[in-house]
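Every number in this text was worked out from the coordinates using simple rules, so none of it is lab data. Since this is a predicted model, take the numbers as computed values, not measurements.
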Amino acid sequence: MKDALRSAGPALLRLPDGCFLALLGGSAALGPDLSIRRVRPKAIREVVCRDFEAPHLAEIGELLA
């Protein structure tokens, strides 16, 4: 997914909390003050996938144990 995020820009992502993230390409994103910021693709993936993964974490933990 990290590679997909690196090549996703320009794109507008709606985050689970209702906020938007403007990806410019690579690991660049537009900040609320319109400055260009570097964002780790891993951090974006964690925010986007958290609500989808949360219900399954306990089951996955048991399986791995």
- Query: Among (1) within 13 Å of the chain's Cα centre (by Cα); (2) closer than 18 Å to ALA4 by Cα, which single condition is LEU24 missing?
  - Reply: (1)
- Among the residues of the stretch 27-59, write down those that are within 12 Å of the chain's Cα centre (by Cα) and either assigned to a loop (DSSP other than H, G, I, E, B) or of a type in the set (Asp, Glu) (or both). SER27, VAL39, ARG40, GLU46, ASP51
